[in-house]
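The values are calculated or read from the model by the stated rules, or taken from the named source; none is laboratory data. Keep in mind it's a predicted model, so treat the numbers as computed, not measured. Heads up, the Cβs are rebuilt from the backbone with ideal geometry, glycines too, and the neighbour counts pull from every protein chain shown. Accessible surface is based on the protein model in full, side chains and every heavy atom, while ligands, DNA and RNA are left aside. Shrake-Rupley method; radii C 1.70, N 1.55, O 1.52, S 1.80 Å.
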Amino acid sequence: MANNLSQEIVSPLLDWYDTHATNLPWHGASPYGVWLSEIMLQQTQVETVISYYTHFMKKYPHISQLANASLDAILKQWEGLGYYSRARNLHKTARIIATEMDSHFPQTVHELMKLPGIGRYTAGAIASIAFNQVAPVLDGNVIRVFARLIDLDDDVTESRVKNKLWDMAEKLVPQKRSGDYNQALMQLGQKICTPRQPNCHQCPIQAVCKAFANDTQVTRPVKKKRQPIPHYDVAAGIIRDESGRLLIAQRPLEGLLGGLWEFPGGKQETGESLPQCLKRELREELAIEVEVGDLFVQVKHAFTHFKITLHAYNCRYQSAMSPYTEPQTLEVANWAWVTDDELTKYSFGKADREVIRALDERRKMLF
Ligand code: SF4
């Protein structure tokens, strides 16, 4: 069945790709460019990636330049793109390739998957697009196209079903032009076989699509209902010393927003007020005492698996906790006293950038 299906979909898809492919900045790029674009495209829309990719390539045209850059510089360049573990892995991989592989990427899926931040999908994309290896890809777009093509009524979030789709991808990928075929499938998912209203009348593989024949397109793929996303209240301190400088902290290098800077604070626990939460967090993370003042701004932000409301309070620095004479790196990677103007030198997550924006607006109003 797979062989027949392969014959039926490969040439229409390649013909469609030859005439309708969107010309993106990483098309025809070096393996380095293909890798960079694929890492950026994980969890992120093409339109958002274009400017980040262009700026990255301008600043780091060769992988050795990326390898020699500091993690702080890369995080600053990545600021706003989200999922910051990608930037940390990018840096690790660049260093491995530049120092251990003489700046040459491995070409096989197996070897590529040994590198930080490269899973089966990304390895397949790099191997097929950059090296024309016969390797399949399966991302959200391809899952949707395949589930409709075979009118699959199994839940595609189950790993058993995903494995079945990987088998299908493996059997369908052609021996020639596998990179173009993979890109055609992904672009079909982005532009024609879209989640809500697939444009089946412009689809090059409509003739073999079972969901189209059965009129079940909008019910495919089947996904189990998501659990409600939890919400947390987070208190943060805009802590100033006597000369008006701000105390900022760098998050631990691993984990959520790892290595980014923030206005220090943390998650409210049951039974405590937000000012109590803030005082507790600052003692635990930095060993400092502050006087919590008025609420300056509230920012709502959604992560993949939870949402937060960040409550940022104006605070006055009092002292380090005995026996210390200055803040400590108890649960932070680093800390710094900075002026308002110096904030732009550091990379912050989105919610903290909103706080900085509110600070800028208030300064403009005052001066
Ligand atoms: Fe998707 Fe419609 Fe094409 Fe089927 S015919 S693959 S549902 S766009």
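Scoring 284-294, 43-53 by mean Cβ neighbours within 10 Å over their residues and listing the highest first yields 284-294, 43-53. A Gaussian network model of the chain, with springs between Cα atoms under 10 Å, assigns the largest mean-square fluctuation among His305, His91, His27 to His305. Computed with a 1.4 Å probe over protein heavy atoms only, the accessible surface of the range 231-366 comes to 51 Å² per residue. Suppose R0 equals 45 Å. What FRET efficiency, 1/(1 + (r/R0)^6) with r the Cβ-Cβ distance, do Asn214 and Thr108 give to the nearest 0.05? So, using R0 = 45 Å, E works out to roughly 0.70. Angle of helix 120-131 to the longest C-alpha principal axis of the chain, folded into 0 to 90 degrees and rounded to 10: 60°.
Extending 7 Å from Cα along the Cβ direction at Gln276 and again at Asp18 yields two label points whose distance is 7.1 nm.
The residue among Pro264, Val299, Ser159 whose Cα reaches farthest toward the positive pole of the charge dipole of the chain, with charges on the beta-carbon of Lys, Arg, Asp and Glu, is Ser159. Looking at the range 2-219, the accessible area is 47 square angstrom per residue; that uses a 1.4 Å probe and ignores ligands, DNA and RNA. Dipole magnitude for the chain: about 740 debye, using +1 per Lys or Arg Cβ and -1 per Asp or Glu Cβ, origin at the Cα centre.
3J(HN,Hα) couplings calculated from phi for the range 355-364 with the Karplus curve 6.51 cos²θ - 1.76 cosθ + 1.60 (θ = phi - 60°) are, in sequence order, 5, 4, 4, 5, 5, 4, 4, 5, 4, 4 Hz; Gly and Pro show x. Of Asn132, Asn23, Asn141, the residue with the greatest mean-square motion in the GNM of the chain, using alpha carbon springs below 10 Å, is Asn23.
What is the distance in Å between the Cα centres of the range 42-91 and the range 174-240? With the range 42-91 and the range 174-240 each reduced to a Cα centre, they are spaced 25 Å.
From the P(r) of the range 182-239, can you give the percent of Cα pairs sitting at distances over 18 Å? For the range 182-239, the share of Cα pairs beyond 18 Å comes to 52 percent. Across the options His20, Met186, His55, the greatest Cα extent toward the positive end of the charge dipole of the range 2-219 (unit charges at beta carbon of Lys, Arg, Asp, Glu) belongs to His55. Taking 14 Å as the straight-line reach from the Cα of Lys114, the aspartates and glutamates in range (excluding those fewer than 8 positions away in the same chain) are Glu100. Both the radius of gyration and Dmax for the chain are 24.5, 76 Å, in that order, over alpha-carbon atoms. Stokes-Einstein diffusion of the range 136-217 at 20 °C, 1.002 mPa s viscosity, Kirkwood radius from Cα pairs, rounded to a whole number: 167 µm²/s.
Helix 85-100 axis versus longest C-alpha principal axis of the chain: approximately 70°, rounded to the nearest ten. The order of the peptides 249-258, 233-242, 336-345 by mean Cβ neighbours within 10 Å, most packed first, is 233-242, 249-258, 336-345. For the range 299-354, the average shadow cast by the Cα convex hull is 5.5 nm², which is a quarter of the hull's surface.
Hull surface divided by four, with the convex hull built on the Cα atoms of the range 231-366: how many nm²?
If you wrap the Cα atoms of the range 231-366 in a convex hull and average its projections, you get 8.2 nm².
Largest GNM mean-square fluctuation among Gln276, Gln298, Gln133, using the chain with Cα springs under 10 Å: Gln276.
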